[in-house]
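Enquirer: I am attaching a structure below and will ask some questions about it afterwards.
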Amino acid sequence: MKNKFKITGLFYELQGYKFRKYLDIKKVKKSPKTPDLMVVMMNPGSSRSIDGIDNNTIASEAIPDRTQSQIMEVMLNAGYEYCRVLNLSDIREPKSNLFYKKMAELEAKGIAHSIFDDSRKEDFNSLWIPNIPVIYGWGVNDHLKPLAVKAIAACNASNTYGILKPNTNWAYYHPLPPIYIKQKEWVEVVSKQLIL
(Lines give C-alpha, C1' and ligand atoms only; values in the text may rest on other atoms or scores of the structure.)
Protein backbone atom coordinates (compact mmCIF):
# COMPACT_ATOMS: atom_id res chain seq x y z
CA MET A 1 0.00 0.00 0.00
CA LYS A 2 2.81 2.40 0.86
CA ASN A 3 4.00 2.50 -2.77
CA LYS A 4 0.61 3.96 -3.74
CA PHE A 5 1.29 7.11 -1.72
CA LYS A 6 3.93 9.79 -1.42
CA ILE A 7 4.35 11.02 2.14
CA THR A 8 6.04 14.31 3.00
CA GLY A 9 6.32 16.28 6.21
CA LEU A 10 7.97 19.36 7.63
CA PHE A 11 10.35 18.38 10.44
CA TYR A 12 11.88 20.97 12.75
CA GLU A 13 13.70 21.35 16.07
CA LEU A 14 13.36 23.81 18.93
CA GLN A 15 15.45 23.89 22.11
CA GLY A 16 16.56 20.29 21.65
CA TYR A 17 13.05 18.93 21.02
CA LYS A 18 12.05 17.27 17.75
CA PHE A 19 8.83 18.28 16.03
CA ARG A 20 6.80 17.85 12.85
CA LYS A 21 4.54 20.67 11.69
CA TYR A 22 2.36 18.70 9.26
CA LEU A 23 2.26 15.60 7.09
CA ASP A 24 0.90 15.29 3.54
CA ILE A 25 -0.24 11.93 2.16
CA LYS A 26 -0.81 11.98 -1.62
CA LYS A 27 -1.74 9.26 -4.07
CA VAL A 28 1.27 8.72 -6.32
CA LYS A 29 -0.63 8.55 -9.63
CA LYS A 30 -2.58 11.75 -8.98
CA SER A 31 -1.37 15.31 -8.73
CA PRO A 32 -3.96 17.24 -6.74
CA LYS A 33 -2.74 20.66 -5.64
CA THR A 34 -4.91 20.93 -2.51
CA PRO A 35 -5.90 18.37 0.14
CA ASP A 36 -9.38 16.87 -0.18
CA LEU A 37 -9.25 15.45 3.36
CA MET A 38 -7.93 16.83 6.66
CA VAL A 39 -6.99 14.61 9.61
CA VAL A 40 -6.24 15.77 13.15
CA MET A 41 -4.40 13.28 15.38
CA MET A 42 -2.51 13.31 18.67
CA ASN A 43 1.16 13.83 17.77
CA PRO A 44 3.67 12.71 15.13
CA GLY A 45 4.83 9.74 17.24
CA SER A 46 7.77 7.98 15.60
CA SER A 47 7.48 9.84 12.29
CA ARG A 48 10.84 10.76 10.77
CA SER A 49 12.24 12.02 7.50
CA ILE A 50 13.88 9.67 5.02
CA ASP A 51 16.86 12.05 4.63
CA GLY A 52 17.39 12.09 8.41
CA ILE A 53 17.29 15.90 8.59
CA ASP A 54 15.48 16.85 11.79
CA ASN A 55 15.52 20.60 11.29
CA ASN A 56 14.34 21.66 7.86
CA THR A 57 12.61 24.67 6.31
CA ILE A 58 11.03 22.64 3.52
CA ALA A 59 9.02 19.43 3.49
CA SER A 60 10.92 16.18 3.06
CA GLU A 61 9.84 12.63 2.34
CA ALA A 62 8.74 10.82 5.47
CA ILE A 63 8.73 7.21 6.59
CA PRO A 64 5.10 6.22 7.22
CA ASP A 65 4.10 4.59 10.49
CA ARG A 66 1.23 2.20 11.21
CA THR A 67 -1.19 4.97 12.14
CA GLN A 68 -0.65 6.62 8.75
CA SER A 69 -1.31 3.25 7.09
CA GLN A 70 -4.75 3.30 8.74
CA ILE A 71 -5.42 6.71 7.16
CA MET A 72 -4.19 5.46 3.76
CA GLU A 73 -6.63 2.55 3.95
CA VAL A 74 -9.50 4.95 4.63
CA MET A 75 -8.36 7.12 1.69
CA LEU A 76 -8.36 4.10 -0.63
CA ASN A 77 -11.76 2.90 0.61
CA ALA A 78 -13.43 6.31 0.38
CA GLY A 79 -11.72 7.62 -2.76
CA TYR A 80 -9.60 10.47 -1.38
CA GLU A 81 -6.41 11.58 -3.12
CA TYR A 82 -4.62 14.02 -0.84
CA CYS A 83 -4.79 14.14 2.94
CA ARG A 84 -3.10 16.61 5.26
CA VAL A 85 -2.42 15.59 8.85
CA LEU A 86 -2.16 18.14 11.63
CA ASN A 87 -1.63 17.15 15.25
CA LEU A 88 -2.77 18.41 18.63
CA SER A 89 0.96 18.64 19.35
CA ASP A 90 3.98 18.78 17.02
CA ILE A 91 6.17 16.79 19.49
CA ARG A 92 7.68 13.66 17.96
CA GLU A 93 7.47 11.08 20.74
CA PRO A 94 6.08 7.56 20.22
CA LYS A 95 5.59 6.71 23.93
CA SER A 96 2.42 8.34 25.28
CA ASN A 97 3.68 8.72 28.87
CA LEU A 98 6.85 10.48 27.69
CA PHE A 99 4.78 12.57 25.29
CA TYR A 100 2.56 13.90 28.12
CA LYS A 101 5.69 14.63 30.17
CA LYS A 102 7.32 16.55 27.28
CA MET A 103 4.07 18.39 26.67
CA ALA A 104 4.12 19.64 30.29
CA GLU A 105 7.82 20.60 29.98
CA LEU A 106 7.18 22.64 26.82
CA GLU A 107 4.15 24.35 28.33
CA ALA A 108 6.21 25.28 31.39
CA LYS A 109 8.82 26.83 29.04
CA GLY A 110 6.14 28.69 27.10
CA ILE A 111 6.88 26.85 23.82
CA ALA A 112 3.79 26.68 21.59
CA HIS A 113 4.00 23.02 20.51
CA SER A 114 0.42 22.97 19.19
CA ILE A 115 -0.60 24.48 15.85
CA PHE A 116 -3.96 25.20 17.50
CA ASP A 117 -2.31 27.61 19.96
CA ASP A 118 -3.45 31.23 19.50
CA SER A 119 0.15 32.34 18.93
CA ARG A 120 0.37 30.05 15.87
CA LYS A 121 -2.72 31.32 14.05
CA GLU A 122 -0.65 32.14 10.95
CA ASP A 123 0.75 28.59 10.79
CA PHE A 124 -2.71 27.14 11.18
CA ASN A 125 -4.27 29.36 8.51
CA SER A 126 -1.53 28.51 6.02
CA LEU A 127 -2.05 24.75 6.42
CA TRP A 128 -5.74 24.31 7.22
CA ILE A 129 -8.09 23.73 4.28
CA PRO A 130 -11.64 24.72 5.25
CA ASN A 131 -14.88 23.17 3.97
CA ILE A 132 -13.53 19.68 3.31
CA PRO A 133 -14.11 16.51 5.37
CA VAL A 134 -12.12 16.28 8.62
CA ILE A 135 -11.28 13.10 10.53
CA TYR A 136 -10.64 13.53 14.27
CA GLY A 137 -8.59 10.74 15.86
CA TRP A 138 -6.34 11.88 18.70
CA GLY A 139 -7.33 9.42 21.42
CA VAL A 140 -9.31 9.63 24.62
CA ASN A 141 -6.72 10.36 27.33
CA ASP A 142 -7.77 13.21 29.65
CA HIS A 143 -4.32 14.84 29.21
CA LEU A 144 -5.45 15.71 25.67
CA LYS A 145 -8.73 17.39 26.55
CA PRO A 146 -7.51 21.03 26.67
CA LEU A 147 -5.79 20.68 23.28
CA ALA A 148 -8.70 18.72 21.76
CA VAL A 149 -11.21 21.38 22.80
CA LYS A 150 -8.93 24.08 21.34
CA ALA A 151 -8.52 22.12 18.08
CA ILE A 152 -12.27 21.58 17.63
CA ALA A 153 -12.84 25.31 18.13
CA ALA A 154 -10.03 26.31 15.73
CA CYS A 155 -11.12 23.89 12.99
CA ASN A 156 -14.73 25.03 13.29
CA ALA A 157 -15.63 22.24 10.85
CA SER A 158 -19.16 21.06 10.14
CA ASN A 159 -18.24 17.86 8.26
CA THR A 160 -16.29 15.91 10.92
CA TYR A 161 -15.76 12.16 11.11
CA GLY A 162 -14.24 9.70 13.54
CA ILE A 163 -15.40 7.57 16.44
CA LEU A 164 -16.43 9.67 19.42
CA LYS A 165 -16.20 8.08 22.86
CA PRO A 166 -19.70 7.83 24.36
CA ASN A 167 -20.69 10.64 26.74
CA THR A 168 -17.89 12.96 25.59
CA ASN A 169 -17.81 15.81 23.09
CA TRP A 170 -14.03 15.87 22.49
CA ALA A 171 -12.60 12.32 22.85
CA TYR A 172 -12.20 10.70 19.42
CA TYR A 173 -10.68 7.23 19.35
CA HIS A 174 -7.19 6.91 17.91
CA PRO A 175 -6.92 5.28 14.44
CA LEU A 176 -4.52 2.64 15.80
CA PRO A 177 -5.98 1.08 18.95
CA PRO A 178 -3.83 -1.67 20.53
CA ILE A 179 -6.20 -4.49 19.54
CA TYR A 180 -6.04 -5.60 15.88
CA ILE A 181 -9.78 -6.20 15.57
CA LYS A 182 -10.41 -2.64 16.79
CA GLN A 183 -7.91 -1.34 14.21
CA LYS A 184 -9.91 -3.00 11.42
CA GLU A 185 -13.11 -1.66 12.94
CA TRP A 186 -11.79 1.92 13.01
CA VAL A 187 -10.96 1.77 9.28
CA GLU A 188 -14.35 0.22 8.42
CA VAL A 189 -16.42 2.66 10.49
CA VAL A 190 -14.63 5.81 9.33
CA SER A 191 -14.55 4.66 5.67
CA LYS A 192 -18.32 4.10 5.81
CA GLN A 193 -18.88 7.52 7.40
CA LEU A 194 -17.02 9.19 4.53
CA ILE A 195 -18.73 7.18 1.80
CA LEU A 196 -22.29 7.80 3.05
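The values are calculated or read from the model by the stated rules, or taken from the named source; none is laboratory data. Because the structure is predicted, anything quoted here is derived from the model rather than measured. Cβ sites come from the backbone with ideal geometry, for glycine too, and all protein chains shown count toward neighbours.
Enquirer: Is it true that K21 is more than 12 Å from the chain's Cα centre (by Cα) and at negative phi?
Expert: Judged against the criteria, K21 is not a match.
Enquirer: Have a look at S114, S158 and point out the one that is among the hydroxyl-bearing types (S, T, Y) and either at pLDDT 95 or above or within 15 Å of the chain's Cα centre (by Cα) (or both).
Expert: Unique residue meeting the criteria: S114.
Enquirer: Go through segment 46-58 and give me each residue that's over 23 Å from P177 (Cβ atoms), out of contact with any strand residue (DSSP E or B) (no Cβ under 7 Å at 6 or more places or on another chain) and among the small types (G, A, S).
Expert: Within segment 46-58, just G52 meets the criteria.
So that you can scan it fast, the table gives a plain yes or no per residue for (1) surrounded by fewer than 21 Cβ atoms within 10 Å (Cβ to Cβ); (2) within 24 Å of I181 (Cβ to Cβ); (3) in contact (Cβ under 8 Å) with a residue 12 or more places away in the chain:
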site: Y12; (1), (2), (3): yes, no, yes
site: D36; (1), (2), (3): yes, no, yes
site: P44; (1), (2), (3): no, no, yes
site: S60; (1), (2), (3): yes, no, yes
site: I63; (1), (2), (3): yes, no, yes
site: E73; (1), (2), (3): yes, yes, yes
site: A78; (1), (2), (3): yes, yes, yes
site: V85; (1), (2), (3): no, no, yes
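Enquirer: Just to verify a result, which residue in segment 90-149, among those that are crowded, with 20+ Cβ neighbours inside 10 Å and of a type in the set (G, A, S), is nearest to D54 (Cα to Cα)?
Expert: S114
Enquirer: Output the residues belonging to segment 1-37 that are among the hydroxyl-bearing types (S, T, Y), out of contact with any Gly (no Cβ under 8 Å at 6 or more places or on another chain) and within 20 Å of S89 (Cα to Cα).
Expert: T8, Y12, Y17
Enquirer: Of all residues in segment 57-77, which are more than 14 Å from the chain's Cα centre (by Cα), within 26 Å of L14 (Cα to Cα) and not acidic (D, E)?
Expert: T57, I58, A59, S60, I63
Enquirer: Would you confirm whether or not segment 107-130 contains a residue that is touching a residue at least 60 places away in the same chain (Cβ under 8 Å), in contact with a strand residue (DSSP E or B) (Cβ under 9 Å, 6 or more places away or on another chain) and farther than 20 Å from Y12 by Cβ?
Expert: yes
Enquirer: Working only within segment 149-175, note down all residues that are part of a loop (DSSP other than H, G, I, E, B), over 21 Å from Y100 (Cα atoms) and not polar (S, T, N, Q).
Expert: A157, G162, I163, P166
Enquirer: Give me the residue from segment 40-53 that is modelled with pLDDT under 95 and under 18 Å from the mean Cα position of the chain (by Cα) and, out of that set, farthest from K150 (Cα to Cα).
Expert: Once the filter is applied, the top-ranked residue is S49.
Enquirer: So which residues in segment 176-196 are free of Cβ contacts under 8 Å to residues at least 12 places away in the same chain, among the aliphatic types (A, V, I, L, M) and part of a helix (DSSP H, G or I), if there are any at all?
Expert: Residue satisfying the conditions is I181 alone.
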